[in-house]
1. Scan the range 237-287 for residues that are within 15 Å of residue 216 (Cβ to Cβ), in contact with a strand residue (DSSP E or B) (Cβ under 7 Å, 6 or more places away or on another chain) and part of a loop (DSSP other than H, G, I, E, B) and report the count.
2. For residue 202, indicate whether it is on the phi > 0 side of the Ramachandran plot and under 23 Å from the mean Cα position of the chain (by Cα).
3. If you go through the range 274-286, how many residues are touching a residue at least 60 places away in the same chain (Cβ under 8 Å) and within 20 Å of residue 192 (Cα to Cα)?
4. Could you list all residues from the range 257-273 that are surrounded by 15 or more Cβ atoms within 10 Å (Cβ to Cβ) and over 22 Å from residue 244 (Cβ atoms)?
5. Pick from 249, 240: which is under 18 Å from residue 203 (Cβ atoms) and either touching a residue at least 40 places away in the same chain (Cβ under 8 Å) or not assigned by TED's automatic domain parsing to the domain that holds residue 100 (or both)?
6. Has the range 285-301 got at least one residue that is over 18 Å from residue 188 (Cβ atoms), buried (at least 16 other Cβ atoms within 10 Å of the Cβ) and either more than 19 Å from the chain's Cα centre (by Cα) or assigned by TED's automatic domain parsing to the domain that holds residue 236 (or both)?
7. Find the strands (runs of 3 or more DSSP E) located wholly in the range 119-235 whose residues include 3 or more that are outside the structural domain of residue 97 (by TED's automatic domain parsing) and at pLDDT 85 or above, and list them.
């Protein structure tokens, strides 16, 4: 999977936000599947029923060996039944399924929505990025635009014009809103990771999609799993000098609470901040839910701090 969801794959493909809409859709369909482990049969069945209520009557659930598969049969339906609002509702249901899945096991999604228009197809893929279901949209040529088709050259030209027009619109929008700065952000793999006074007790995992880092915190190899380990840690803090930050870290991994995720530049200046609840780790979960953090082209460090927002 590309770390840059706004990348072109030829002149007729352009990444689009979920809210992108085009008039005159002839028809549409949902196909593919979402697969994972855990989730609970009752919760999964309820989620599938909600998807059917949204018009995806062919959505089916299979559970085998602790893993589940939710499959969409690609039923064709009127184009006005797959607008941005409906796709957002589908995204919410898929995210509920992802949240209920076992975070220690792989989660994958090949689900996609296709909106058929006279000259092109709008494809929205619902992909999995660090436990989040993230939409990625593209404009594609119609299937008739294949080599040997009498209309192929003219249709490819129209698709190219559409792609260029959308690109210019996206650039103009990005310059006015700062979106271009987020899209040009480096991959999370290029960022330095710092857990400050938490040390090896916690770890950070991050993904990147559509100008946003999705960040979650995991139990590290030195996570204090019992009272004895927490007491030993506190004794070491008491014997040290500057204790305020360390005591706050100890408190968060004892009773839970919110820590701060910070995105820093190379000089250490704070670019973005977000709060993340460490309570699930204290209650036994291997990882927290992912939280969004707006990306930046100046990003150099992803840091977890126990203290309040700066």
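1. Counting residues in the range 237-287 that are within 15 Å of residue 216 (Cβ to Cβ), in contact with a strand residue (DSSP E or B) (Cβ under 7 Å, 6 or more places away or on another chain) and part of a loop (DSSP other than H, G, I, E, B) gives 2.
2. Working: on the phi > 0 side of the Ramachandran plot: no; under 23 Å from the mean Cα position of the chain (by Cα): yes.
Judged against the criteria, residue 202 is not a match.
3. First, pick out the residues of the range 274-286 that are touching a residue at least 60 places away in the same chain (Cβ under 8 Å): 276, 278, 281, 285-286.
Narrowing the set further to residues that are within 20 Å of residue 192 (Cα to Cα) leaves 276.
Looking only at that region, the number is 1.
4. 263, 271, 272
5. Of 249, 240, the one residue that is under 18 Å from residue 203 (Cβ atoms) and either touching a residue at least 40 places away in the same chain (Cβ under 8 Å) or not assigned by TED's automatic domain parsing to the domain that holds residue 100 (or both) is 249.
6. No - not one qualifying residue is present in the range 285-301.
7. On the way: elements: 120-129, 132-141, 192-194, 202-209, 212-219.
In the range 119-235, the matching strands (runs of 3 or more DSSP E) lie at 192-194, 202-209, 212-219.
The values are calculated or read from the model by the stated rules, or taken from the named source; none is laboratory data. Here the structure is a predicted model, which means the values were calculated and not measured. As a convention, Cβ positions derive from the backbone with ideal geometry for all residues, glycine included, and neighbour counts pool all protein chains shown.
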